[in-house]
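The structure under discussion appears below in the form of C-alpha cells.
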Amino acid sequence: MTLREDDIAVSAAVPIQRGARMRPTPRHAVIAGFVVIAFAVPLIASSFVMFQLSEVLIYGLAILGLNLLTGFNGQFSLGHSAFYGLGAYTAAILMHNYEINYLWTLPAAGIVCFVVGFLFGLPALRLQNLYLALATFALATAMPQILKFHALENWTGGVQGLVVDQPDPPDFLSMIDGDQWLYYVTLVVVLLMFAAAATLVRSRTGRAVMAIRDNPIAAAAMGINVSLYKTLTFGVSALYTGVAGALSALVVAFVAPDSFTIFLSISLLVGLVIGGVGSIPGCLFGGLFMLYVPNIANSLSNGLAGAIYGVILLIVIFVMPAGAAGFVRAASAQLSRWRQNPAEGGHR
Amino acid sequence: MKQFTRRTILAAAPAALALSVPFVSARAKDYGPGVTDKEIKIGNTGPYSGPASGYSPVPKSQVAYWKMVNEQGGINGRMINFISYDDAYTPPKTVEMVRKLVEDDKVLLVASPLGTPTNSAIWHYMNEKKVPQLFVATGATKWDDPKGHPWTIGWQPNYQSEGRIYASYILKEKPGGKIGVLYQNDDFGKDYLKGVKDGLGDKASMVIVEASYETTDPTVDSQVVDMKAKGVDVFVNCGIPKFAAQAIRKAAEIEWKPLHVLSSIGNSVGATLKPAGLDNAKDLVSDFYLKDATDPKWKDDEGYKWWSAFMDKYIPDGDKTDAGYVAGSSLAAMTAQVLKQCGDNLTRDNVMKQAANLHDVMVPMLLPGIKANTSPTDFAPLKQVQMAKFDGQRWNLFGDLLTGAVG
Amino acid sequence: MELLLQQVMAGLANGAIYACVALAVVMIYQAIDHLNFAQGEMAMFSTFIAWQLITWGVPYWVAFAITVVLSFIAGVLIDRVLFRPVQNAPILSQIVAFIALFSILNSSAGQIWDYTIKSFPTPFGTAPLLGSMVDAHEAGMIGVTLLLLGFLYAFFRGTRLGLAMRAAAANPVSARLVGIRVGWMTALGWGMAAALGAIAGILIAPVVFLEPNMMIGVLLYGFAGAVLGGLTSPGGAVVGGFAVGVLENLAGTFIPYVGRELKLTLALIMIVIVLMFRPNGLFGRIVVSRV
C-alpha cells in the first residue's frame, strides 16, 4: 500500500504568485463570515452548546495536526492520540502539580510535543507507509501504558487521572461564564493556528513539504533537504495536536489514560478523511463529524450504536470519497463549468 | 387544555424556574428539575460501544427495569423517563453526555454512571452543580466522601475492602504462603492489589508476584506459568471472566494447585467457571454480595425467580449468564427505593437526603442477610460480603458476613 | 533455565495464534495490496457462526466446512458491495471503509451473541504433550498453520490462478492487458482471506475463549508479526508471528521493573528497532521504486 500522489486530493488552489497581494475573493468572504459567526455564537447559545463547540474546535485543531503530516507530507500516522494525550497531560501536570497559569500551558504543551514529534520523526525517516503505520501504532499503544506506569504515578496520577481546575474568566469579563470564556480562548488559539498553517502551506516551505509527499526522489533531486523537512513536519504536526490536547484538558477539566487510546487515533484519522485530506478548512468539518456522529448513532440505537456509526461512515465515504472538501471542490468546479458554458448546459 | 388549578401552577412554576436554584421548602409537594406530576426524568451513562462494551448489560438492564416500573404504574403515580447515553468508556464523552443530561435534558439526578475514570471526570461537576450522582457503578474507594463530595454516593463493597478480606482469609488459612496476584492494569485491578497488600500489613512481602494484564492481551497463560515457576502457592485471581477463566484452566493444565482465591468480578458459575471447566474450579474460594444467577443453588429462591421472570419478560434475548444484568437491575432497584422514599418532595436536596437515609434496604438479588445502609456520614450502601467455596457444582457460602472497612 | 524454556514454549503457543493471523494479513496484502483492518472482526464473526452451528447440534467438521464456505462467499460479497464503490478513492478513504466494517461487525456480534465468553471445542483434544509444555491443541494449531502456509505457497507459486492473482495485485493495468479479470481476482483474494481468517478464528477461540472483542489484541500482534516478517513473505509472516509471541513473553518475564506493565510497548519497540535496520521486514523483498 503506497500513498500515491493522486490518492491524496491535491489542494489545487495554492496560488503560485509570489509577493502578489491577494484580492478579496468569495473564499475570503466565507472565512470572514465564519469568524464573525463564531464570535457571536456565545450570545445566543447555551453553556452546554459552547462546551460542545469548544470540543469541535479542539478536534478540528488535532485533525489539522494529523493533516499536516499525512495530508501534506504523506507520512501515515496512527499515533496522534499519543501527542494529544501528551499535550493534555503536560497542561494538566503543570496546572495540578506546579500551579502554572493555564495560558502558559498551551505553548509548553506545544514545545514538549514538538520535541517528541521531532525525535520520533528521526527513526520514522527509514519507514514507509505500513511500516510507519506500525511504528506510530506502537506509539499510540505505548502512551496509555506509560501514563498508567506506577513509577510515574506521582506526576500523572496513574490510572485515576488528574482533575484540572477549570480557569475562570478574567475579572474585567465577569459577565461571561467559564464555558464561554474557554470557548473564546479556544477559538482564538484555533484561528491563529489555522491561519499559521494556511500561511505555512502556501509558502516555499509548504511547497517543499508537499513536493516530498508527491515525489520524494524528485524533491531530493531539486535540492530539498528531505530528511530535515520530514522530521520538522513531524514535529510541527505533533505540536498542533499537542496544543489541541492541552486545550481539551482545560475544557474537559480531567485527564486519564483511558481518554487517549488507539481508538482516539482512529477517530482522528476518520475525521481527517471525512473532512478532506489535504484541506485545511475540512479539518473543522472533521471535528464536527467526530463529535456529533457518535451521538447521532447512539440516539438511533443504544445496542447497535457501533454498527450504525459504521453504516453512516460507509454512506459518507460512498457519497464523498474525497471527503467534504473534495465534495465542495467538485461541486464548485461543476458550478463554474455551468457558469462558463450556460448555452451547452454545462456539458463539455 | 389543562385546567389552571392551584395544583398545576404550583407544579409548573418550579419546573419553569428549573434553570436556577430549585425550590427548597417544607411544602407537601416540591419539585426539582425534570419533575412534574406525571413524570420524573433521570439520566445515566454507560459503555454501549467501544472496547468496554462488554459492560453494556449494566445500563441495558437498567433501561429494562425502568420500563417494568412504568408498566407497573410508576413510582408514587409518576412515570420514570430514564435517559441513558453511550459514553464508550471515554471520560471526555462522559462529561459531554452528563452535561447534556443536566443542562439540556434537565434531569433530576444521574443514576449509576458506569466506570471509575468516567465517574471521576464528572465528580467535580456534579458536586459543583449540586446534582445527585447516585449509586455509581464502580467499586472504587473514593466515592464514600460525604464531606468532600456530598452529592456523590457509592454502591458496591469497594475493591480495596474486598482485597483486605482476601488478605485476612489468606492470613488465617495459609499464613506462611507465597502469594501471586493477577490483576487488570487499570483502576479496579490496582485497587484490588492495594487492598490485598494493605490487608497483609507488615506481611505484605508475602506477595512475591504481581502479575498484571491488559484487556488486549490474548491470554494470561504466561503470567500463570511464571507464578508456578516462582513457587507461588496462594493465587489471588482478580481477572475479569475471560482472563479468570483462562487462568483457572491453565493452572489445571500445568497441574498447579495453589490456594486459589477468586475475586467477585470473575466468580460466576456460568460466565467463568463453566468455560474454565467446572472440575478445574473445585476448591476455589471467592466472595459474594449479589447472587450468582447461574448457580443452581438459587433455583427456588424468591429473589432469583423474580429476576428470571424480569429477564424473560423485558430482556428475552439477554444472556442470563451475564452478571451485568444482575448488577444493573439491582442498581435501578436501589434508585427506585430512593425515589419512593422521596414521596412528593422530589427536589435534588431531598433525593440526597433520602439516599443518605437507607435502612436495611433489600433488593431481590442481594445475598440473604446483606442489606443496604447509608447515613449522612456513611455513603457506602453495601459493605458486606460473604465468602464461599466451590465444590465443582455450586458455591457453598460459609462464615459470617464480612466487611473490609476501607474508605 | 526451566522458566526460560517454559516461557519460550508459552510464547510459541501464543505465537501460533499470531502466526495464523499474520498469515491471513499477508495473504490479503499479497492479493489485493491492501491491509484489511477488519480482518480480525471478520474472523471473529465467522467463528461465532461456527459456534452457533455447533450449538445447534451440527457436528464439528461439518460446521467448520460450512463456516469456511460461508466466509469465502461473505468475503467476495464484501469486496463487491463495499469496496467496489471506493476502489478508485484515495487509500485513506478505503481505510475508513475498513474501519466502518470493523465497527459494524463488532457491534453486531455483541448485540446478537452478547459479551459473555463462550468455550469453543477443539478437534485436537487438550492432552498435554512434551511433558505438559505444550498441549495437543496448540500443537494442532501450529500444524495447521504450517499446512496452510504450504498450501498458499504452492497456490501462489505453482498455479496459474495464483500467478494471475499476484499479477492483478502488483500491476492491475498490465494484468488487464494480458486478459486477467482483475476485478474477479480481487474478489477471489478477499474470499480466500476471509476463509483463512475463519480458520484462524476457529483455531484461536478454544485458547482465548470466544467473545466479540476476542480478536482485537490478537490482530494487533498478528499485524506486528506480519510486518516484522515482511509483508511480501508469507513464510516471514509465520516466523514473525512466532517471534512476536516469544518476544512478548520474554519481555514480560525477564525485563525487570518495566517488563510486566509495559509488555506490549516493549514488544512493539523491539519490532520497530528491527524495522530500522531492515525496513522491509526480516524476510521482505526490497522494493525498488523508479523515478
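Listed values, structure above:
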read-out	value
Any helices (runs of 4 or more DSSP H) falling wholly within segment C:212-281 and containing at least 2 residues that are more than 10 Å from every other protein chain (Cβ to nearest Cβ)	C:214-229, C:234-254
Helices (runs of 4 or more DSSP H) (entirely within segment C:55-169) containing at least 1 residues that are charged (D, E, K, R)	C:136-158
Options C:V81, C:V62; residue that is over 16 Å from C:V144 (Cβ atoms), surrounded by fewer than 24 Cβ atoms within 10 Å (Cβ to Cβ) and modelled with pLDDT under 90	C:V81
Per-region count, segment B:373-388, residues of a type in the set (A, V, I, L, M) and either within 14 Å of B:A327 (Cα to Cα) or part of a loop (DSSP other than H, G, I, E, B) (or both)	2
Test: residue in segment A:231-246 that is surrounded by fewer than 22 Cβ atoms within 10 Å (Cβ to Cβ), more than 25 Å from A:V316 (Cα to Cα) and of a type in the set (V, I, T)	yes
Residue within segment A:244-259 that is within 14 Å of chain B (Cβ to nearest Cβ) and over 23 Å from A:G157 (Cα atoms) present	no
Residue list for segment A:267-289, filter: more than 12 Å from every other protein chain (Cβ to nearest Cβ) and more than 23 Å from A:R202 (Cβ to Cβ)	A:L288
Subset of segment B:305-318 (residues that are surrounded by fewer than 19 Cβ atoms within 10 Å (Cβ to Cβ), touching a residue at least 12 places away in the same chain (Cβ under 8 Å) and within 14 Å of chain C (Cβ to nearest Cβ))	B:G318
Segment C:175-229 - residue that is more than 28 Å from A:L132 (Cα to Cα) and of a type in the set (F, W, Y) and, of those, surrounded by the fewest Cβ atoms within 10 Å (Cβ to Cβ)	C:W184
Segment A:149-198, subset among the acidic types (D, E) and in a loop (DSSP other than H, G, I, E, B), residue nearest to B:E103 (Cα to Cα)	A:D177
Residues of segment B:120-152 that turn out to be hydrophobic (A, V, I, L, M, F, W, C) and either more than 13 Å from chain A (Cβ to nearest Cβ) or in contact (Cβ under 8 Å) with a residue 60 or more places away in the chain (or both), as a count	7
Looking only at segment B:83-119, and only at residues there that are part of a strand (DSSP E or B) and over 23 Å from A:Y309 (Cβ atoms), the one that is farthest from the other protein chains (Cβ to nearest Cβ)	B:L109
Of residues in segment A:133-146 being under 30 Å from C:T232 (Cβ atoms) and facing chain C (nearest Cβ under 9 Å), the one modelled with the lowest pLDDT	A:L134
Residue in segment B:228-251 that is touching a strand residue (DSSP E or B) at 6+ places or on another chain (Cβ under 9 Å), surrounded by fewer than 24 Cβ atoms within 10 Å (Cβ to Cβ) and among the aromatic types (F, W, Y) present	no
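The values are calculated or read from the model by the stated rules, or taken from the named source; none is laboratory data. Every value quoted in this text rests on a predicted model; they were computed, and no experiment measured them. Quick reminder, even Gly has a Cβ in these numbers, built from the backbone with ideal geometry, and neighbours come from all protein chains shown.
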